[in-house]
Each structure stands twice: as C-alpha cells, then as structure tokens.
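In what follows, a structure is listed as structure tokens, so that the remarks can point back to it.
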Amino acid sequence: MTLIGMLHHRKDPSTVMKSYAYAIVAKAEGADFVYFSPGCVDIKNNTINGYIYENGSWQKRITPYPDVIYNTGSPEKLKKQQQIINSLQEKIPFTTYSIGNKWSVNKRIKRGADFAQYLIPTIILTNWEELYQYIKAFQEIIVKPIDGRKGQSIYYIRSFADGFIVKQGTTDTSYTQEELIQFLNTLLKENTFIVQPYISSRTKSGLVFDFRLHVQKNGTGEWVITTIYPRIAPPGSIITNINNGGYTNYLEPFLNQEFGQIEAINIKNTLEHFTLSLASHLDELQIREYKEVIDEIGIDVGLDEDYKIWIYEVNWRPGCPPTFYLEMDVVKNTIQYAMYIANNQREINEHIQLVATKVSEKREKPIIAVTGSAGKTTTKSFISSILKTRMIIFESKEYWNTTEHTKIHKEQIKASHQAVVLEYGMAYPSVITEHCHIIQPNISIVTNVGLSHIGNFDGDIRKLAQAKSEIIHGMKQDGLLIINNDDENSKLLDLQSFKGKIITTGITKPAEYQAYDVSYSDNGMNFKMKLNNKEETFFIPILGEHHVYNAINAVAVADYLGFTPLEIKSGLLFKKPSRRMTIYKLKQSITLIDDTVHSHPQAVTAAVDVLTNISNERKIAILGQMRELGNLQMEQYKKIGEYVSNKGIDIVITYGYKADEIGKAAIASGMSAKNVKHFADKQKLHEFLQTILTKNDTILVKGASKTKMFDTVKFITTTIGEHK
C-alpha cells in the first residue's frame, strides 16, 4: 500500500484545513496518509513521528518514510530546515517543486522562447525615469510587487493633463509629478516592484476581468485541466482577486454573454489548448533546468481587444477554485498523481533524462547587421532592446564597429544566443565585405547614405553608396534588407542581384513601415505607425526626428520577427547610447544638449533641429570641425552656416580647423557678426562661455569624438552645475 506524506511547515494538522480532505481522499483511493512537519523527521531511523487521521481525529503515529511526499508548506518557512528537506529529497520522490516568483517565471518563459510572445513586457522598477517612460509609452501601466500575492499592493497609474492618477483597489488618488516621485521612492524602499503596460480586459459593462487556468497532473502523469473560470473585479477596481472583492463565474455562460456563441467556442478552445500547452512547456523547462517535475499550476491571463492572450502571472500551487464544487477534484488529482509517481519512478526518471538531453529544434538565428552613414549605433541599440524583451541576444558594444571588433564578436557569440545584433562601420571600400566574410548577416539595415567619410571616396557619393552596397552583396541572399525610402542617396544602392525581401522605411514618403504624426515630447519623440493595419502610438526617450528613423528600422525588424506591439513599445524605451542627444538640466534653468560622438553634415543639421525644437529662449550652437569631407568640406560648411542662420540660432560658436567657414556663411546669410565666434583654442572657448551663458539658455555641443568636444560638455556642467 502506498504511503503518502503531506509535508507542511505547521506542526499541527488541525490548523491546516485542507489536510482533512487529503487524508480522506487518500483513504478512498487506497493509500495510507501521514501529515508531518520537518521537526517530525527522524533521519537516523528513516521514520516520521507524524499524524494520521482516523476515527474522526488526528492521531500521533510513528511511520516509515513515505513512498512519496506532497510538499505543500510555505517554501520560505520550510527553507529554515532545508537540511532535512534535502535529506528527504535524496530518498523520496516529491510531487512538485517551486517554480519561483513572478520575475523568475517570467525569465524562464523568456528563455524557453515558445511562449515568450504571451509575456507582458516587464522590468524591475528602480527609478522615476523608468516609470515615466513606461507611462509615456503605454499611457496606462501597472506597478506591483515582484513577490505579491492575492492582489495586494497593485497600483494602476495613468497620466492626465495636470498630473497622474493612481488607483489602488477602488480608490483613485491624484498626484503631481513631484508627489508621484515621492510616492514611488517610498514604495521602492519597502519592496521590489515590477512595472508593466496595462492590458485592458473588460466586460461589456466595463468591469475588469481575467481568467484563471487551473491545471494538474492526474493518476497517469498527464496534464489535465481542473478548471478555467473568469474572475471579475468589483466596479471601480482592476483587481479580480476574491480577497479584494472580485467574484467568479462559469466559463461558458460568461463567454456566451460577452462574445457571442460562435466566438465563445473559439475562445474556450483557445484557452484550453493554451492551458495544456503552457503547462507542458513549463514542466519541460523545469526538467531542463533542474531535473525536477511539477504537478500543479495556476495561470492568470488577460484577453485584449484583439482576443490575444497575455500571461499576467503563473502561480505554483494555486489555491482551490473558490466555487464550482471543485475542492475534491483538486485533491483527487493530487492524490492520484502522488500514487503514480510513487509507483513509476523508473519511467519518470527515464522521461526526465530524455527531456533534459533532448536537442531543441534548430531555427535560423537572426544575424542582424546595421550600417549607414548615421544612426548605426542608435538603430542597433533600439533593435537589441526590443529583442531582449523575449530573447537572449548578443549585442556588439557601443561603437565597436571595425572589422577587428567583428572578429572579436565572432569568438564571443554562443549557441545560447538566440539573436545577434551588430554594427558594421566602414571608412573605405571593401571593409563591409570583410565584415560579412567574418559574420554573414541574414538581416541587414542601411540607415542612410550620407557624407560621412566622403573624402575617402574622392567626394563621389556614388562610390560611397557602392561601398555601402557591400552589405547587400555580402549578406545571405535570401535574407531581409531594410532601406530608407526618404534618403535620396539610398537610391544609389546596388539592389539588382539581391534575391531576398526588401523592406522600406520612412516618414515623408510612402514606405512599408512609415511613421507619421511625429512630434517632440518631454525628453523624447512621439510618432504613430500602422502594424498589421492597426494604428500604434510609440514613444522613444531620445530627441530628434532623425532618431525616429532609427526607431522605425527597429520596429521593422521586430515586426518581421513576430514581436508584438507591446514588446516593441517596451523595447523602444532603450538605454540611450552615451553622448547622443543627452540632455542635461542645469542650474539657472539652462539646458545642455550633448551630441559629441560624431559629426557630419546630416548629423549637425539634425542636432540643430533638436535645438530649435526644445528651446523657447536663447539658442547657442557650439559646433566642432567635421573630418573626412575631402573637397566637399567648404561647400558643406557653407550649407551648415546658412542652415543655422535660417533656423534662427542666436549664437554660433565654432571650433577647429576651417570651422570658421560655418560662421562666415551664417553671417553672409544675415546673422549678426557679433553673435558668431570661432576658436582654435578650447581653453579660450571655455573662457568665452563663462562670459555669455545666462538663465534659460539652451546650448548644443556637437562634434566628433576626435575633436574631444565632450570636454566642453564637462566644462559647462561643472561650471553651471546640474539641477538637483
């Protein structure tokens, strides 16, 4: 006869109400049952000084070690006697093992890949900027504890014209930005919180609902659905948990009422298939990572307006369904499964070994390479950030884009990386060809064909475009190529022999991926795009229309790879490359724009556009010399001088060899000579700045790394001081 042990952290079984049900069902199924806590274990004699239920009460008994243990106590409290637990696990099979908290389950599903598309984009919240960016990107967000239970400490947040609304339970509270920052700081001191976009699942009457998918293994070790039921929040609340006033319903009447009979059947079938598939997947992941099996999980999911399933959270050992008379169904499945694993250990161990060593089906790994005259690093960073919402990726370091770097990257890429994102730089012909020989991409992006390094190509844009075309010739010929339809020079790229798929991006001209309604926002840009014929609104935390182009490239790649709009929006909240449109808020309400990584004509005019768009008062442009323009240098300096004059820049300061030509052209275009200065000595430039900077100025510092214009950024921030 099988002896089932119920392990719990409480010593007295009479304080654990479900222990009665398990004892009774075990007897009905033909098994013996003993309740015990870690302190009841006699390791030396392999016995349990526990409790059995007979004649209507719990009786103390000494029994042999059980044949199987149903571990049901609090993992945190049982951990205090982990040595005893470990000793038991070495000799006795356990029915189940912890799958971890919300965050660890989220990461495990992401690693498993197959169900990653159902995860709501989630980050661990560490500061106000992250929260603010999520609000800008998604309008409505959820903040909740990483290890929360029963709907506690969950906050819904949205912005409105005068501040923010925070909902907890049915209570709405208005906050100014400063008040919300203080509220957030208090939360983060108390616990670790995660932030997610809010998924709106509402009934026809406007009540929030979700589904609990309760699944168990049965007496043959197969996953079976115990129940699927909707949970409905009370009016004015977003929390469906029963402890917070939520209530349940039967699945089929609910679906028929909310979606109609035909759609109800489709949704029910989808939920059932999803439940069993995800349970099997999580079981397989547990085996692969820990060589353990699980027996019961509760999955909470939402259903958005497009009927897409989103995983809210996965619970190990969920509570019994609060209705439908299923209390004994849950117990029956547990007892029958316990008897199964007690009597089939050899088969189970063989299955664990098979799954643990099974080679996953190989899919073509996306090898993504970005080249172009401008925007490479930012585009690469956007793409990487989006793919990280679901994948384990390899991303080249900031500005590591030489062929020597690519050789290093080849050695660093591992089989575990699910995608590779690289930046291919070039200053001369044949360089990109060498990049492709080292690592051949199957997805390539040419951001644009501009004047960067034009001096190395005899000032001939056609020769430069031919060098950029090397990525088209060197990539997988059946791969994906993305080009900028707004960039006139990109029409010079050689596409004739390419047999793969070509996608166009743009803003001003029609393209497969076209942004519109582009506008400046606080510390970023807003724009809209249509994905799968549905309008989506996006936010990027970096200023400048030129960066919208970089974001469009990333959206195109992610959409092509099957990422959801939510994942894309989350990924666009990327970690901005250093010294690219970095905004410093200084004392005296002075704003400083640091864009000192590179400098060529397109980049300078784009930076000047940002300056004019974010400044309401005096605008100062500090521009360093531009290199490798060859015989086009004077012509381009003249154009930039005319541009800054026409854009209404108040003061233009130039630095470096022949950069004074910019100022001369600005004066010739109508700018006052007293507002134009040139310096060949950076020390004197800094001394001059000390005499002119004043309250409410907005200053752009633009220059290539080799001119070390970042020295000027450091001087200004140190002299003025950053706003606290």
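The values are calculated or read from the model by the stated rules, or taken from the named source; none is laboratory data. Every value quoted in this text rests on a predicted model; they were computed, and no experiment measured them. Cβ atoms come from the backbone with ideal geometry, glycine included; neighbour counts cover every protein chain shown.
Some points to look at:
- Across the stretch 391-400, the qualifying residues are those that are surrounded by fewer than 22 Cβ atoms within 10 Å (Cβ to Cβ) and not hydrophobic (A, V, I, L, M, F, W, C), and the one among them that is nearest to F115 (Cα to Cα) is E395.
- When the stretch 269-307 is filtered for residues that are assigned to a loop (DSSP other than H, G, I, E, B) and under 29 Å from I69 (Cα atoms), the ones remaining, listed by number, are K291, E292, V293, I294, D295.
- I472 modelled with pLDDT of 95 or more, closer than 21 Å to I368 by Cβ and not small (G, A, S): yes
- Residues in the stretch 312-326 that are farther than 18 Å from K217 by Cβ and either in a helix (DSSP H, G or I) or modelled with pLDDT of 65 or more (or both): Y312, E313.
- Answer residue from the stretch 122-167, given it is among the acidic types (D, E) and at pLDDT below 90 and is surrounded by the most Cβ atoms within 10 Å (Cβ to Cβ) among those: D147
- Identity of the residue in the stretch 188-240, in contact with a Lys or Arg (Cβ under 9 Å, 6 or more places away or on another chain) and charged (D, E, K, R), that ends up nearest to L276 (Cα to Cα): R212
- Single match in T334, T378 (criterion: touching a residue at least 40 places away in the same chain (Cβ under 8 Å) and either in a loop (DSSP other than H, G, I, E, B) or within 28 Å of A28 (Cβ to Cβ) (or both)): T334
- Every pair of residues 6+ apart whose Cβ atoms lie under 9 Å, when the first sits in the stretch 703-718 and is within 16 Å of R580 (Cβ to Cβ) while the second is hydroxyl-bearing (S, T, Y) and surrounded by fewer than 20 Cβ atoms within 10 Å (Cβ to Cβ): S705/Y399; V713/T582; V713/Y584
- The stretch 454-464: number of residues that are part of a helix (DSSP H, G or I) and either among the polar types (S, T, N, Q) or out of contact with any helix residue (DSSP H, G or I) (no Cβ under 7 Å at 6 or more places or on another chain) (or both): 1
- Filtering K674, K664, K658 for residues that are farther than 22 Å from D594 by Cβ and in contact with a Gly (Cβ under 8 Å, 6 or more places away or on another chain) leaves a single hit, K664.
- The stretch 106-121, residues that are touching a strand residue (DSSP E or B) at 6+ places or on another chain (Cβ under 8 Å) and at pLDDT 90 or above: I109, F115, Y118, L119, I120, P121
- Any chance S570 is touching a Pro at 6+ places or on another chain (Cβ under 9 Å), surrounded by 22 or more Cβ atoms within 10 Å (Cβ to Cβ) and of a type in the set (S, T, Y): yes
- Residue in the stretch 244-251 that is more than 30 Å from T171 (Cα to Cα) and in the same structural domain as K332 (by TED's automatic domain parsing) present: no
- Checked against the criterion of being farther than 23 Å from S645 by Cβ, polar (S, T, N, Q), part of a helix (DSSP H, G or I) and assigned by TED's automatic domain parsing to the domain that holds S645, the stretch 694-715 has at least one qualifying residue.
- Boolean, K11 is in contact (Cβ under 8 Å) with a residue 24 or more places away in the chain and basic (K, R): yes
- Complete set of residues in the stretch 49-99 that are surrounded by 15 or more Cβ atoms within 10 Å (Cβ to Cβ), β-branched (V, I, T) and either farther than 13 Å from P13 by Cα or modelled with pLDDT under 90 (or both): T63, V68, I69, T72, I84, I85, I92, T95, T96, I99
- Residue check for T240: assigned to a loop (DSSP other than H, G, I, E, B) and crowded, with 18+ Cβ neighbours inside 10 Å: yes
- The listed residues are K407, K388, K380, K376, and the only one of them that is crowded, with 18+ Cβ neighbours inside 10 Å and either aromatic (F, W, Y) or modelled with pLDDT of 95 or more (or both) turns out to be K380.
- Those residues of the stretch 500-541 which are modelled with pLDDT of 95 or more and either farther than 17 Å from I552 by Cβ or hydroxyl-bearing (S, T, Y) (or both), in sequence order: G500, T504, T505, T508, Y513, Y516, S519, T537
- The stretch 255-269 - residue that is of a type in the set (S, T, N, Q) and within 32 Å of the chain's Cα centre (by Cα) and, of those, surrounded by the most Cβ atoms within 10 Å (Cβ to Cβ): N266
- Checked against the criterion of being under 29 Å from the mean Cα position of the chain (by Cα), closer than 22 Å to M328 by Cβ and not aromatic (F, W, Y), the candidates E272, E292 yield just one match: E272.
- Top-ranked residue of the stretch 500-532 - restricted to ones that are assigned to a loop (DSSP other than H, G, I, E, B) and under 24 Å from the mean Cα position of the chain (by Cα), ranked as surrounded by the most Cβ atoms within 10 Å (Cβ to Cβ): A515
- Looking at the stretch 573-686, the strands (runs of 3 or more DSSP E) lying wholly inside it that each contain 3 or more residues that are surrounded by fewer than 21 Cβ atoms within 10 Å (Cβ to Cβ) and in contact (Cβ under 8 Å) with a residue 40 or more places away in the chain sit at 582-585.
- The residue that is modelled with the lowest pLDDT, counting only those in the stretch 410-430 that are closer than 16 Å to E470 by Cα and surrounded by fewer than 19 Cβ atoms within 10 Å (Cβ to Cβ), is A427.
Conditions (1) hydrophobic (A, V, I, L, M, F, W, C); (2) more than 29 Å from H281 (Cβ to Cβ); (3) surrounded by fewer than 18 Cβ atoms within 10 Å (Cβ to Cβ); (4) in contact (Cβ under 8 Å) with a residue 12 or more places away in the chain, marked per residue:
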| position | (1), (2), (3), (4) |
| --- | --- |
| L207 | yes, yes, no, yes |
| D210 | no, no, no, yes |
| N218 | no, no, yes, yes |
| I232 | yes, no, no, yes |
| P235 | no, yes, yes, yes |
| T248 | no, no, no, yes |
| P253 | no, yes, yes, no |
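- Criterion: assigned by TED's automatic domain parsing to the domain that holds H546, closer than 23 Å to M391 by Cα, in a helix (DSSP H, G or I) and out of contact with any Phe, Trp or Tyr (no Cβ under 8 Å at 6 or more places or on another chain) - qualifying residue of E434, E404, E411: E411
- When residues of the stretch 465-481 are limited to those that are aliphatic (A, V, I, L, M) and either in contact (Cβ under 8 Å) with a residue 40 or more places away in the chain or in a helix (DSSP H, G or I) (or both), the one surrounded by the fewest Cβ atoms within 10 Å (Cβ to Cβ): A465
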